[in-house]
1. Counting only C-alpha contacts under 8 Å and six or more residues apart, can you give the relative contact order of segment 269-418 as a whole percent?
2. With a cut-off of 8 Å between alpha carbons and a minimum separation of six or more residues, what is the relative contact order of the chain in percent?
3. Explain nothing, just compute: Karplus ³J(HN,Hα) = 6.51 cos²θ - 1.76 cosθ + 1.60, θ = phi - 60°, for every residue of segment 66-82 in order, whole Hz, x for Gly and Pro.
4. Under 1.5 on a/c is rounded, so check that first for segment 278-418, then, if it is not, pick prolate when a/b is larger than b/c and oblate when it is not; a ≥ b ≥ c are the square roots of the alpha carbon gyration tensor eigenvalues.
5. Given the rule -39500 (n - 2.57) for each run of at least 4 DSSP H residues, summed and divided by the residues of the chain, what is its mean residue ellipticity at 222 nm, to the nearest 500 deg cm²/dmol?
6. How many angstrom lie between the C-alpha centres of segment 182-258 and segment 289-327?
7. Work out the charge dipole of the chain with +1 on the Cβ of Lys and Arg and -1 on the Cβ of Asp and Glu about the Cα centre, then indicate which of VAL231, GLY144, ALA192 is farthest towards its positive end.
8. Could you rank the peptides 66-78, 144-156, 198-210 by their average count of other C-beta atoms within 10 Å per residue, with the highest value first?
Amino acid sequence: MKKTIFQITTALALLTAAGAANAADCNVTVGLVMELTGPAGEYGQAGAKSVEMAFRDLNAAGGAHGCDLVTDTRDSQSQGNVAVDAATQLVQVKKVPAIIGGIISSVTIPILTSVTAPAKIVQVSPAASSPTLTALGRDGKTNGIFFRTITSDSLQGIAAAKYAIDKGFKKLAIIHVNNDFGVNMVAEFSKAYKALGGTIVSTTPYNEKQSSYASEVTAGMGGDPDGLYLVSTPVDGATIARTWISQGGPQKFLLNDGMNSPDFIDSVGADYLKDAYGTSSGTTPTPSTDYFNKNYKDFSGIEPTNPAADRAYDAGAIVGLALAIAGDDTSKLKDDIYRVVDPKGTPIYAGKEEFTKALGLIKEGKPIRYEGVIGPVSFDQYGDITGPFRLWKIADGKVTTDGELKMEDVSALKDKIK
């Protein structure tokens, strides 16, 4: 009898150990569709690393119900059709519960309309800022599954217009990428800029990845502007800026958020960018901001100021925590996204220790409120966030903060412009 009891006890112990080992070995795979190459490659590389860092921190804290969060990362090549193919494989073949991406709107929108919305799979974009994404939600075309951790260009255009006037840009030429992002950004900016007293002497769209933009620059110079509003990405933007300078254009630039880039500055030359200014979706600093700024470069080899880096960490953290809340049933993951940022929850910040606290609260059935690298996050019914705008300039070859435009100030300007 003693021998039998010993054998049963031993068998149970082995089964328990095996179960624990299997639990430790299990993975929850999240799809990443990022612009790792192409005009937006710099953004996508930083964004992918940020999500990986968030998952590393979550896994160190215990993961999602004891399972490691891992990424299946696909390169969109900054092209919508490539992104759709990648997302389709992730959803239909890999059966991922969520997709993080894309970075730019011209990649994010086709993923949403062709793949994630029809499949009702949660999609979180760290940096797609087109107002079209809000319109799709308002028109009931997203199934409520889309979220983004960046403010809409409908607001950034107003912030950029105010900053332009404040910096003395009275007559601007505009050269912009000819896609949903560029067209919408310019439309919102133009309305606000004109209402504030500015004059637009020319508006010239361009198609991406051309070897030369001489004709676009020539067209943009008509009307004797005192500066150029360049809505672009670092690679194409640098080519356009160099051409503008070589053709004698005024060396005064207003830049969109994605041009906050060391590669752009190095490619154009800091000496030519002493009067270059820009706007970006801002942050309300939290302990998460300090944690990220201190640790991101050691993890990734990339500066924490890289466009999309901060908000991509938050996208990864929010998705990971939502999966921890969801457990084995991810059918209502979109609702769990809102539970991660519950206004009544205990504040949770970035990093292993904070995520350990969050997972403990989740296990106890208590609410949490993730306050991220970009600040306290709150999604509306369309998956949009609000927040301040960072005003920046290029000084001594580096992007430096020049001020902040608060959300309430932007809202007041928007009401005035209407």
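1. On the way: 211 pairs, mean separation 51.2, N = 150.
Across segment 269-418, relative contact order equals 34 percent.
2. Details: 901 pairs, mean separation 74.3, N = 418.
Taking the mean separation of contacting Cα pairs over the length of the chain, I get 18 percent.
3. My calculation for segment 66-82 gives x, 9, 6, 7, 10, 10, 10, 9, 10, 8, 6, 6, 6, 10, x, 5, 5 Hz in order.
4. Working: a/c = 2.42, a/b = 1.40, b/c = 1.72.
Since a/c reaches 1.5 but b/c is at least a/b, the shape of segment 278-418 is classed as oblate.
5. Calculated at 222 nm, the ellipticity per residue is -14000 deg cm²/dmol.
6. Their Cα centres are 32 Å away from one another.
7. GLY144
8. 144-156, 66-78, 198-210
The values are calculated or read from the model by the stated rules, or taken from the named source; none is laboratory data. Predicted model only: the values in this text are computed from it and were never measured. Positions of Cβ are backbone-derived with ideal geometry, glycine not excepted, and every protein chain shown enters the neighbour counts. SASA here: full protein model, heavy atoms, side chains in, ligands and nucleic acids out. Shrake-Rupley method; radii C 1.70, N 1.55, O 1.52, S 1.80 Å.
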